[in-house]
Each structure stands twice: as structure tokens, then as C-alpha cells.
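Chemist: Here you go, one structure.
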Amino acid sequence: MPALAQHAFIKSLGAQSNNPEAWVSLGALYLSHDQMELANRAFSQAQSLDPGKARAWVGQALVAERMGSAEALDLFRREWLSPGQPWPRSVVAHI
């Protein structure tokens, strides 16, 4: 994993730990380097700060998919891809 990128995100979060976008970005970095537990924690933190943050939910779904958790992935699909959601299904269709 690129240590400099991780360090930059950690420093950023030290200054603004309540920034859900920074947590999502850190989660995406961990996810891209197969650090599932760390990605899960980062996406969870983003969700707790902003429950409507779609990128955090998508990140959690990708973690669930990679970890083989069909139940978690089904819950994501049921909750976030139901009719009436404000974003198009194509945004997360690859999940």
C-alpha cells in the first residue's frame, strides 16, 4: 500500500476527524489494496458521520462482496437500490 497516501489521509483525519469524505477516501485506498478490515472501519466511520453518504454504502457493499458476505450485500441492495432512491441504479450496478 502506498504509505505516503495513507499517511496523508491519516494526517487529514487528525485535523478533521468529522469529515466523512476523507473517511470514504481512506476506505477506498484500503479497499484498493485488499485491506478489508481497515476499509470496513473507514467506511463505517463515514457512515456514522453521514448516514446518507452513498459512497460509504457502496464501499461497504464492495467490502461485503469481496469478503463473500451475500447477506450484507443483499441488505445493501434492498435498502439502497429500492425504487424511489434519489440516484440511478446504474451508479452501483456493478455491485
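Chemist: Can you tell me which of 8-19, 37-48 comes out highest on packing, and rank the rest after it, using the mean Cβ neighbours within 10 Å? Walk me through the numbers before you get to the answer.
Modeler: Numbers: 8-19: 12.5, 37-48: 19.3.
Going by the mean number of other Cβ atoms within 10 Å, highest first, we get 37-48, 8-19.
Chemist: Could I have the simple spin-label model distance between residue 21 and residue 44, label points 7 Å from Cα toward Cβ, reported in nm to one decimal?
Modeler: Reported label-point gap for residue 21 and residue 44 is 2.5 nm.
FYI, it's all coordinate maths here, none of it is from the lab. Computed from a prediction, not measured in an experiment: that's the story for all the values here. Heads up, the Cβs are rebuilt from the backbone with ideal geometry, glycines too, and the neighbour counts pull from every protein chain shown.
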